[in-house]
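Data first, discussion second: the structure below is written as structure tokens.
The values are calculated or read from the model by the stated rules, or taken from the named source; none is laboratory data. Keep in mind it's a predicted model, so treat the numbers as computed, not measured. All Cβ positions, glycine included, derive from the backbone under ideal geometry; neighbour counts span all protein chains shown. Accessible surface is based on the protein model in full, side chains and every heavy atom, while ligands, DNA and RNA are left aside. Shrake-Rupley method; radii C 1.70, N 1.55, O 1.52, S 1.80 Å.
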Amino acid sequence: MKPLEGIKVLDLSRVLAGPWCTQLLADLGAEVTKIERPGVGDDTRHWGPPWHGEGERKVAAYFLSCNRGKKSAAIDFAQPEGAALVRRMAAEADVIVENFKVGGLKKFGLDAKSLRQANPRLVYASITGFGQDGPYADRAGYDYIIQGMGGLMSITGLPDGEPGGAPMRVGVAVVDLFTGLYTCVSILAALYRREKTGEGANVDMALFDTQLAILANQASNALVSGKDPPRQGNTHPNIVPYQPFEAADQPIIIAVGNDRQFARLAEMCGHPEWTCDERFASNGARVANRDAMVRLVSEAIVSKPAAEWLEKLEAAGIPAGPINRITQALSDVQAQHRQMVRHVAGVPLVGSPVRLDGVRADSDLPPPALGEHTDAVLARLGVEAAEAARLREAGVVG
């Protein structure tokens, strides 16, 4: 039995943050029904190339990444009859996840106040760019914009003055992904509390809040020092040496986390005297003398090929690794052993990283075709075949 078996989730979200949250809930066993616009569906169905499948099953790879384990019901809730159908589903749901602009669902009677009045046990999670209140509450939220506004781009990329030096976004939409994860955690906490109180909850998640939270040590550095952390490329603001180094044939990452590891690295590089040099004897000293330290380590590492260094570093217990392309990472022996790449109904997917009691929490349902489960949803609501046909003809469902 999966931990969330029996929990019904109504997914009114689209693109990434909301779908990432509901995909995790589906992996954990919840029954997730995704409501999509007839004939169009989630915007990300069309965010290709690359594409998977052909004809009616043709869908963008982007959509596949965040919608496994769900059922799709194509219902136009902009029409009164469609909104009424969704409200009937909400009356039986445990969780709703939506990412419309603040107040955008009120006109359909699908806002938190309306639905929780009819179903007090409902956990209603709203994801927006800036939250349900504040001077920016009415603004739309996009990961790229939030990475810029929230400070992440200011610490990502090469420093000013270096070739290519400029603020840079992270290569995946990390704000959306983290917001999806925080939303999932909040939902699970609300469900746990509901077991004690019988009451649901309103979950208010903002991309901007999440972005500030995940600045982590960099935000703490700024609060303590009163200074903006600089962009440092692939180096670390608080630890040295902790960056890529060019071996004789290709770069490798060496991540020295403490003085004991540094002593082993110094000996491996043929310079045990580094540990006695006051410039390098402690991490604080190495940070203060970063340029000199990096130059010396670089001169040593470039003398041998990457494979030889990686073998020695592993044996010495010094964290190190190659810089793989995505295809290399997905085909790595560790990824294969952990079965992180799956084929579900012929669809290639990256599997869930969650494991409970040695069993991966992962759904066996592939991402749904648009409206694939509309008839089943209508039947569960007691809508007879003739009425379903009329609704389909009117464009209320698809």
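Overview of values
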| item | result |
| --- | --- |
| For R392, solvent-accessible area (1.4 Å; no DNA, RNA or ligand), Å² | 100 Å² |
| Cα-based Rg of the chain normalised by 2.2 N^0.38 Å, two decimals | 1.19 |
| Dimensionless Rg/Rh of segment 266-321 - Kirkwood Rh, Rg from C-alpha atoms | 0.98 |
| Choice from V32, V302, V97 showing the highest fluctuation, given a GNM over the chain with Cα pairs closer than 10 Å | V302 |
| Summed side-chain charge close to V297 - residues other than V297 whose Cβ falls under 12 Å, Lys, Arg +1, Asp, Glu -1 | 0 |
| Enclosed volume per residue, in Å³, of the convex hull spanned by Cα atoms of segment 162-208 | 67 Å³ |
| Cα Rg over Rh - segment 222-280, Kirkwood | 1.05 |
| Sorted largest first, extent of segment 351-392 alpha carbons per principal axis (Å) | 48, 19, 9 |
| Theoretical gain in end-to-end length, A137 to S331 [0.36 nm per residue, Cα-Cα removed] | 65.5 nm |
| For I214, residues with placed amide H under 5 Å, excluding near neighbours | none |
| Global size of segment 1-56 as Cα Rg and Dmax, reported in angstrom | 13.2, 37 |
| Radius, Kirkwood style, for segment 103-182 when every pair of distinct Cα atoms is counted (Å) | 15.3 Å |
| For segment 145-183 versus segment 359-398, the gap between their alpha-carbon centres in whole angstrom | 39 Å |
| Pairs of alpha carbons in segment 8-104 whose separation is greater than 18 Å (percent) | 46 percent |
| Whole-Hz couplings from phi, Karplus 6.51/-1.76/1.60, listed for segment 143-150; x for Gly and Pro | 3, 4, 5, 5, 4, x, 5, x |
| Long-range Cα-Cα pairs in segment 183-245 (distance over 13 Å), rounded percent | 74 percent |
| DSSP bridge pairs, the chain: antiparallel proportion in percent, nearest 5 | 45 percent |
| Net dipole in debye of segment 1-150 [+1 Lys, Arg Cβ; -1 Asp, Glu Cβ; about Cα centre; nearest 20] | 180 debye |
| J(HN,Hα) series, segment 380-386, from Karplus relation 6.51 cos²θ - 1.76 cosθ + 1.60, nearest Hz, glycine and proline x | 5, 7, x, 7, 6, 4, 5 |
| Unsatisfied cross-links (Cα-Cα over 25 Å) in the set K8/K106; K70/K196; K113/K196; K34/K113 | K70/K196 |
| Equivalent ellipsoid semi-axes, segment 40-190, via Cα gyration tensor eigenvalues times 5, rooted, Å | 33, 22, 14 |
| Kirkwood Rh in Å, taken over all unlike Cα pairs in segment 29-77 | 11.5 Å |
| Solvent-accessible area of E387 with every protein chain in place, 1.4 Å probe, in Å² to the nearest 10 | 70 Å² |
| P(r), alpha carbons of segment 220-341 - 5 Å bins starting at zero, rounded % | 2, 10, 18, 22, 17, 12, 9, 7, 2, 0 |
| Accessible surface of the chain, 1.4 Å probe, proportion on carbon and sulfur as whole % | 55 percent |
| E372 long-range amide H proximity, modeled H, under 5 Å | S72 |
| Euclidean distance of C-alpha centroids, segment 322-338 and segment 5-37, integer Å | 28 Å |
| Amide hydrogen neighbours beyond the local backbone of A201, cut-off 5 Å, H modeled | V123, Y124 |
| Ordering of 82-94, 354-366 by burial proxy (mean other Cβ atoms within 10 Å per residue, highest first) | 82-94, 354-366 |
| Translational diffusion of segment 326-383, µm² s⁻¹ [Kirkwood Rh, Cα pairs; Stokes-Einstein; 10 °C; 1.306 mPa s] | 115 µm²/s |
| Dipole axis of the chain (+1 Lys, Arg; -1 Asp, Glu on Cβ), positive-most option in V240, A369, L105 | L105 |
| For segment 304-315, 3J(HN,Hα) per residue [Karplus equation, 6.51 cos²θ - 1.76 cosθ + 1.60, θ = phi - 60°, Hz, x = Gly/Pro] | 9, x, 4, 4, 5, 5, 4, 5, 5, 5, 4, 5 |
| Residue-normalised accessible area of segment 265-398, expressed per residue, 1.4 Å probe, Å² | 59 Å² |
| Tail beyond 24 Å, pair distance distribution of segment 299-398 (Cα, percent) | 57 percent |
| Residue-level accessible surface for S331, protein heavy atoms, 1.4 Å, Å² | 60 Å² |
